[in-house]
Amino acid sequence: MKTGIKDKVIVITGASSGLGEATARHLASQGAAVVLGARRHDKLEAIAAEIRAAGGKAEAVTTDVTRSEDVKALVAKAVEIFGRVDVLVNNAGLMAIAPMNELKVDEWDRMIDINIKGVLYGIAAALPLFEKQGSGHFINIASVAGVKVFSPGGTVYSGTKFAVRAISEGLRHEVGGSIRTTTIEPGAVNSELKNGTSHKESIEFLSDLYEMAIPSDSVARAIAYAIEQPKDVDINEIVLRPTVQEF
């Protein structure tokens, strides 16, 4: 049965592990051509090779989302190989939680660079192409921490994810006539995200919190749901979390 995913060209950042990897594998299994971007080239190549071995279409491009030129090159490579881009999944993210008075300024900067500027660079790379095509779909990964401030320790992280939601909604208003925009806001999901902090007490807190984590496949299925809708249906926002998670 033909789905709304088959034959689409889908670019995914942060695709070397976790949500990005699970999404790439799931969408490829549904017939999409996936173009994977992340910094860890060896892991990307291994994932792409496994997808191809299973009969799917996949390409790997070394990408640092804090570098605008890298993200432009990722999108350009997808067009070079497959002729177009139908969906951009802005997935790369960093969660470096710690109380504000720890003054982890370098980690604040890194979260802003990856979580906010990385999404903006993705939009800048794909939007001209989507406008030229007259179609396209941005899927931006935020967090339940972008719905409610994650405290203690998650103030700056929450700030970056609130920003992703605001950017996504503003983008929808500006280009929503022909380009779809979806924000995915996961709770505790099993991925490397929980390993982003250097603060000892926060590491221990997250270790306990993530005992309830659901698989990354849960997010991949939510992304697939948004993509497979008819072109006149725009799924703007999906919040998902473990059933037992209160926050």
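Things worth noting here:
- To put it simply, the accessible area of the stretch 73-160 at a 1.4 Å probe is 57 percent carbon and sulfur.
- Taking one quarter of the surface of the C-alpha convex hull of the chain gives a mean projected area of 12.6 nm².
- 0 to 90° range, to nearest 10: angle between helix 18-29 axis and the chain longest Cα axis: 20 degrees
- Calculated accessible area for the stretch 1-54 comes out at 41 Å² per residue, all protein chains present (probe 1.4 Å; ligands, DNA, RNA ignored).
- Calculated P(r) tail over 23 Å for the stretch 74-159, as whole % of Cα pairs: 35 percent
- Placing unit charges on the Cβ atoms of the charged side chains and taking the dipole of the chain about its Cα centre, the candidate lying farthest along the positive direction among Thr155, Ser168, Leu129 is Leu129.
- For the stretch 131-147, the Karplus equation 6.51 cos²θ - 1.76 cosθ + 1.60, evaluated at θ = phi - 60°, returns couplings of 5, 5, 6, x, 6, x, 8, 8, 10, 10, 8, 9, 5, 4, 5, x, 9 Hz by residue, with Gly and Pro reported as x.
- Heavy atoms of His41 accessible to a 1.4 Å probe, total area in Å² rounded to 10: 70 Å²
- From phi via Karplus (6.51, -1.76, 1.60), per-residue ³J(HN,Hα) for the stretch 170-179 in Hz, x at Gly/Pro: x, 4, 4, 4, 7, 10, x, x, 9, 10
- Sorted largest first by accessible area at a 1.4 angstrom probe radius, with every protein chain in place, the residues Glu21, Glu69 fall in the order Glu69, Glu21.
- Other-chain or far-sequence residues with amide H under 5 Å of Val239's (modelled H): Glu185
- Neighbour net charge for Gly18 - beta-carbon separation under 14 angstrom, K R +1, D E -1: +2
- Contact order normalised by residue count of the stretch 3-46, Cα under 8 Å, 6+ apart, percent: 46 percent
- Solvent exposure of the stretch 153-214 amounts to 44 Å² per residue of accessible area, where only protein heavy atoms count and the probe is 1.4 Å.
- Rounded to the nearest 20, the size of the Cβ-charge dipole of the stretch 193-247 about its Cα centre is 120 debye, with Lys and Arg at +1 and Asp and Glu at -1.
- Helix axis angle, 217-227 relative to the chain longest principal axis, alpha carbon, degrees: 50 degrees
- Highest to lowest packing among 152-159, 10-17, scored as the average C-beta count within 10 Å: 10-17, 152-159
- For the stretch 55-65, putting each phi into the Karplus relation 6.51 cos²θ - 1.76 cosθ + 1.60 with θ = phi - 60° gives couplings of x, x, 10, 8, 10, 10, 9, 4, 9, 10, 5 Hz, in residue order, rounded to whole numbers and with x for Gly and Pro.
- Low-density loop cleavage sites - trypsin sites (Lys or Arg not before Pro) in the stretch 123-202, where at most 16 other Cβ are within 10 Å (DSSP): Lys148
- To the nearest ten degrees, helix 41-53 and the longest principal axis of the Cα atoms of the chain are 50 degrees apart.
- In a simple Cβ point-charge model (Lys, Arg +1; Asp, Glu -1; nothing else charged), the stretch 19-91 has a dipole of about 60 debye relative to its Cα centre.
- Long-range HN-HN contacts of Ala15 with modeled amide H, under 5 Å: Gly37, Ala38
The values are calculated or read from the model by the stated rules, or taken from the named source; none is laboratory data. Keep in mind the model is a prediction, meaning the values are calculated, not measured. Cβ atoms come from the backbone with ideal geometry, glycine included; neighbour counts cover every protein chain shown. Accessible surface is based on the protein model in full, side chains and every heavy atom, while ligands, DNA and RNA are left aside. Shrake-Rupley method; radii C 1.70, N 1.55, O 1.52, S 1.80 Å.
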